Amino acid sequence: QLAQPAAAAGERDTVVKLSKIRRLTGDHMVMSKATSPHAFSVVEVDFANVDVVRLKVKDDWKATHGFSLTYLPFIARAIIDGLREFPHLNASVGDTIVSDSHNTLVHDADTKRLAAIASEISDLANRARTRKLSPDEISGGTFTISNNGSAGSVLTMPIINQPQVGIISTDAIVRKPVVTTGPDGGEAIAIHPVGNIAMSWDHRAFDGAYAARFLARVKEILETKDWSTEL
């Protein structure tokens, strides 16, 4: 089948040339889709447990650190802990699967507490917006988080960042009714902050059950961990 010619611009159309970064990103994403058999899994997370600590410290945090304490550092910390238990996700695939136990999200993230991760994420994000990141700071990662929730997305299917085997999208966290269980075992309806955590993953590296157990573990950490020990 012959390739179709590019559509010609009409008189009322605006033509914008693709930037170099858009071309490079596009080429990399097309390559990724052709390389990895993408699969997709999602869990819904109740962030009420995170808010027990986050809301208590957010004002002091902003005054001390100069930026807001969002949900992202908590999610990053939970993912880091989950990757420690599910090493096939913290890996790359070629002819073999190579697991990496050190570099995740930010450099040596597995050795850092939540406060340090939050500060580094804020710094990296600010310098990324102003294009002041060095090549070393954007290479060598083994797992990626795409923070789409800040733009209000509800569910996003990200494309794997080759040669990694997984990428998580954090989507919008909104207040909605959930079923809760009281101390007496009875059920009630409460309003909690809830959001989706979605993961695209490489089906060559592991199967659906492994991906589901990893996401379930991340969800469990977010919903049950005593986050006051991290701050």
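All of (1) touching a residue at least 40 places away in the same chain (Cβ under 8 Å); (2) touching a Phe, Trp or Tyr at 6+ places or on another chain (Cβ under 9 Å); (3) not charged (D, E, K, R) hold for L215 with one exception: (2).
What are the residues in segment 155-184 that are farther than 17 Å from K219 by Cα and of a type in the set (A, V, I, L, M), if any? Answer for segment 155-184, where residues must be farther than 17 Å from K219 by Cα and of a type in the set (A, V, I, L, M): M157, I159, I160, V165.
Among residues belonging to segment 187-229 that are outside any helix (DSSP H, G or I) and of a type in the set (V, I, T), point out the one that is surrounded by the most Cβ atoms within 10 Å (Cβ to Cβ). For segment 187-229, the residue satisfying everything is I197. Apart from one condition, V43 fits all of (1) surrounded by 15 or more Cβ atoms within 10 Å (Cβ to Cβ); (2) of a type outside the set (S, T, Y); (3) assigned to a helix (DSSP H, G or I); the exception is (3).
Of the strands (runs of 3 or more DSSP E) lying entirely inside segment 120-186, those containing at least 1 residues that are surrounded by 13 or more Cβ atoms within 10 Å (Cβ to Cβ) and within 12 Å of the chain's Cα centre (by Cα) are 144-147, 166-170. Within segment 75-119, restricting attention to residues that are assigned to a strand (DSSP E or B) and either over 22 Å from K219 (Cα atoms) or touching a Pro at 6+ places or on another chain (Cβ under 7 Å) (or both), the residue that is modelled with the highest pLDDT is S92. Cβ contacts < 6 Å: first residue under 19 Å from V194 (Cβ atoms), restricted to segment 50-65; second residue small (G, A, S) and assigned to a helix (DSSP H, G or I), any location; separation 6+ or different chain. Result? Sorted first by the residue in segment 50-65, then by its partner, the pairs are V53/S228. Checked against the criterion of being assigned to a helix (DSSP H, G or I) and open to solvent by 20 Å² or more (accessible area, probe 1.4 Å), the candidates D51, D60 yield just one match: D60.
The values are calculated or read from the model by the stated rules, or taken from the named source; none is laboratory data. These numbers come from a predicted model, not from an experiment. Here Cβ is always computed from backbone atoms with ideal geometry, including for glycine, and neighbour counts include all displayed protein chains. These accessible areas exclude ligands, DNA and RNA; they are computed on the full protein's heavy atoms, side chains included. Shrake-Rupley method; radii C 1.70, N 1.55, O 1.52, S 1.80 Å.
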